[in-house]
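Input: a single structure, listed below in structure tokens.
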Amino acid sequence: MRPSSPTIIVPPKIALLAHECAQEESHLIAKLRVLNDIAQAAASLHDLRKLFALALEELDRHIPGHVGAIWLREDGGQSDTLAGAEMNSLTLAGASQRAPQFGLTPEMTVAVKGSIFLPCAQEGTATYVDAAGLAAAACPLARTLDGAGASASFAVPLRAGQRLLGVLQCVCTRPGGFNNEQIQLFNLVADLLGPAIGQALWQQRLLGTCHELRVAQAQLIQSEKIRALGEMASGMAHDFNNALCGMLGFLELALLDQDLAPACRTYLESSKTCALDAAQTVRRVQDFARRQTSAAEQQPLQLDDLVRQTFQLTRPKWESLTQLDKPITAEVNTRSECLVRGNPSELREALTNLIFNAVDAMPHGGALTIRTWADAGAACLAVQDTGVGIPAAAKRRLFEPFFTTKGERGT
């Protein structure tokens, strides 16, 4: 017959000690889990909002009955302010979900001078204020917290090296305030968050600097391109101007004939207008090469008359497509009755380009509408078509000189 197992009797004092050790081990594991989660987030997240949200969520999950808030300096921690340097205000950059119940609203600002954050923000020391201290403080934030039922406020500085970036605040909502273990955990969390915030801010500044460099490089390339185009355009304008002089001379001679048929004279007058506009274009190309403006050539003109004239000059462009199964229909509605100041040839060219682009955007036919109207003393002009539209990539380059998507068909 097997002997029975001996009975082990644990004295009550030893059992209580084992229970306390198990509880202490459980608390230690929970604390390490919080710190590990925040450390991982600090290493992987460079978005401050996401980092703050995760850190505060972990604190809320492991420490019940408290509200967390992260305050940053008024400059967002961008400058290299050392601990002990003067700080004017703090801005709420992140807070627990229950924070609005205690008067902590997003982006709110608190003046450091005279506040419960003064020792923390300017001297870099942690600050604990109990219920009596909140009730007696003259700080508006302290009065708000006291009125909402807070039993204590603990603030610990957020540092990155010697730089003081802000404050981690924890508001206790349970009677009795925080215990030593919780305060120790807040200090450890602040030690992790400070360098993570500094790293995120440094990366933001680095990305901003890289973006500025890219913009400056693009501007430099564009400037060099414009300079090269100006040199090329200057030579082309000179040769083209010589050709236009001959064309205009022959048109003037033809118009001197008194026996011209009315229709023929109309065509020749339109041709002369187009040639004169082309001459103005040549002058603008020369101005472009010399970086000059043609403001002195502006004059009063009737917008409606200019629109109707340009419409007639561009009629051959869209009337040539009337043989299609779905031709282009054009409509002009001029009701502005406005006298505007501008360069007639430049305005005609701008409107001509809009009309030609509209026609090119409707290879299978469509409707072209040109309207003018007056609105609160302003003259308005609109060109509308039912074409395919402009791709997003091309919209970003609309005002780039000589940019085109038409290939050899034009610019």
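The values are calculated or read from the model by the stated rules, or taken from the named source; none is laboratory data. Just so it is clear, the model here is predicted, and its values are computed rather than measured. Cβ atoms come from the backbone with ideal geometry, glycine included; neighbour counts cover every protein chain shown. Note: areas computed on protein heavy atoms with side chains; ligands, DNA, RNA excluded. Shrake-Rupley method; radii C 1.70, N 1.55, O 1.52, S 1.80 Å.
Miscellaneous remarks
One line per residue, one yes/no per condition, for (1) modelled with pLDDT of 85 or more; (2) open to solvent by less than 80 Å² (accessible area, probe 1.4 Å); (3) hydrophobic (A, V, I, L, M, F, W, C):
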{"residue": "Ala142", "(1), (2), (3)": "yes, yes, yes"}
{"residue": "Asn179", "(1), (2), (3)": "no, yes, no"}
{"residue": "Phe186", "(1), (2), (3)": "no, yes, yes"}
{"residue": "Gly198", "(1), (2), (3)": "no, yes, no"}
{"residue": "Arg205", "(1), (2), (3)": "no, no, no"}
{"residue": "Arg214", "(1), (2), (3)": "yes, no, no"}
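- Test: Gly147 is open to solvent by less than 80 Å² (accessible area, probe 1.4 Å), over 15 Å from Trp71 (Cβ atoms), more than 31 Å from the chain's Cα centre (by Cα) and modelled with pLDDT under 85: no
- Val129 being crowded, with 19+ Cβ neighbours inside 10 Å and over 20 Å from Leu201 (Cα atoms): yes
- Test: Glu252 is without any contact (Cβ under 8 Å) to a residue 60 or more places away in the chain, open to solvent by 60 Å² or more (accessible area, probe 1.4 Å) and farther than 17 Å from Ser270 by Cα: no
- Which numbered condition Leu201 misses (of (1) touching a Gly at 6+ places or on another chain (Cβ under 6 Å); (2) of a type outside the set (Phe, Trp, Tyr); (3) outside any helix (DSSP H, G or I)): (3)
- Within the range 212-230, no residue that is under 21 Å from Asp287 (Cα atoms) sits with its Cβ atom under 8 Å from a residue that is of a type in the set (Ser, Thr, Tyr) and surrounded by 10 or more Cβ atoms within 10 Å (Cβ to Cβ) at 6+ positions apart or across chains.
- Sole exception among (1) part of a helix (DSSP H, G or I); (2) of a type outside the set (S, T, N, Q); (3) closer than 30 Å to Pro100 by Cα for Cys170, by number: (1)
- For Met362: the one exception among (1) touching a Phe, Trp or Tyr at 6+ places or on another chain (Cβ under 7 Å); (2) part of a loop (DSSP other than H, G, I, E, B); (3) not charged (D, E, K, R): (1)
- Subset of the range 374-411 that is among the acidic types (Asp, Glu) and loosely packed, with under 10 Cβ neighbours inside 10 Å - its residue that is modelled with the highest pLDDT: Asp375
- Residue match in the range 343-350 (condition: open to solvent by 20 Å² or more (accessible area, probe 1.4 Å) and in a strand (DSSP E or B)): no
- Scope the range 365-380; condition small (Gly, Ala, Ser), under 27 Å from Pro327 (Cα atoms) and part of a strand (DSSP E or B); matching residues: Gly366, Ala367
- Only a single criterion out of (1) modelled with pLDDT under 85; (2) surrounded by fewer than 17 Cβ atoms within 10 Å (Cβ to Cβ); (3) touching an Asp or Glu at 6+ places or on another chain (Cβ under 7 Å) is not satisfied by Asp277, namely (2).
- Scanning the range 285-299 for residues that are modelled with pLDDT of 75 or more and open to solvent by less than 80 Å² (accessible area, probe 1.4 Å) yields one hit, Gln298.
- Subset of the range 142-158 (residues that are in a strand (DSSP E or B) and aliphatic (A, V, I, L, M)): Ala152, Ala155, Val156, Leu158
- Looking across the range 101-110, the residues that are without any contact (Cβ under 8 Å) to a residue 40 or more places away in the chain and either open to solvent by 80 Å² or more (accessible area, probe 1.4 Å) or of a type in the set (Ser, Thr, Tyr) (or both) come down to Thr105, Pro106, Glu107, Thr109.
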